[in-house]
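Read-outs throughout are calculated quantities, based only on the coordinates presented, and are distinct from any laboratory measurement. These figures come from a predicted structure and were not determined experimentally. Note that we place each Cβ from the backbone using ideal geometry, even for glycine, and neighbour counts take in every protein chain shown.
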Amino acid sequence: MIRHIVLTKFKPEVSEATIKGIYDGLAAVTDKLPGAANFTGGRSESPEQIERGYMHGFVIDFDSWEALQTYSDDEDHKALGGQLVANAMGGIDGILVLDLDV
């Protein structure tokens, strides 16, 4: 299984409603694609408070690297990814992506 982890530093003016809308869209993409499951996302509530500005994140589980590639190639995912970049501090520099084979 591949765990796709995305952390974002959103611009201060980006509302929680906007972030929720992006995450709801990504959850819908996850639901429609074979081999993708378990979208979970939101704002950090860590008691450690060492997010270093990455206050929002999400994870998606994929059955295989091929399923992750299908997600990456999906047009709805690309549009929502563009929204993430547009709303992140510094554009793509405000986004971290990790893919773990678990």
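For the reader, a short list of remarks on this structure follows.
- Only lysines eight or more places from K9 in sequence, or on another chain, were considered; those with a Cα closer than 26 Å are K20, K78.
- Taking label positions 7 Å along the Cα-Cβ direction at both D93 and E75, the computed distance is 3.3 nm, reported to one decimal.
- The range 14-102 - Debye-derived log10 I(q)/I(0), Cα point model, q = 0.17, 0.21, 0.26 Å⁻¹: -0.76, -1.14, -1.50
- Inter-label distance for Q83 and K20, nm, one decimal - labels placed 7 Å from Cα along Cα-to-Cβ: 1.3
- The range 14-26 - phi-based ³J(HN,Hα) in whole Hz, Karplus 6.51/-1.76/1.60, Gly and Pro as x: 6, 7, 4, 5, 5, 4, 4, x, 5, 5, 4, x, 5
- Using a Förster distance of 35 Å, the FRET efficiency for K11-D101 (Cβ separation, nearest 0.05): 0.60
- Convex hull per residue volume in Å³, alpha carbons only, for the range 1-56: 91
- Charge tally in the Cβ shell below 14 Å around D63, where Lys, Arg are +1 and Asp, Glu are -1, D63 excluded: -3
- Footprinting exposure proxy for E16, E51, E45 (fewest neighbouring C-beta atoms within 10 Å first): E45, E16, E51
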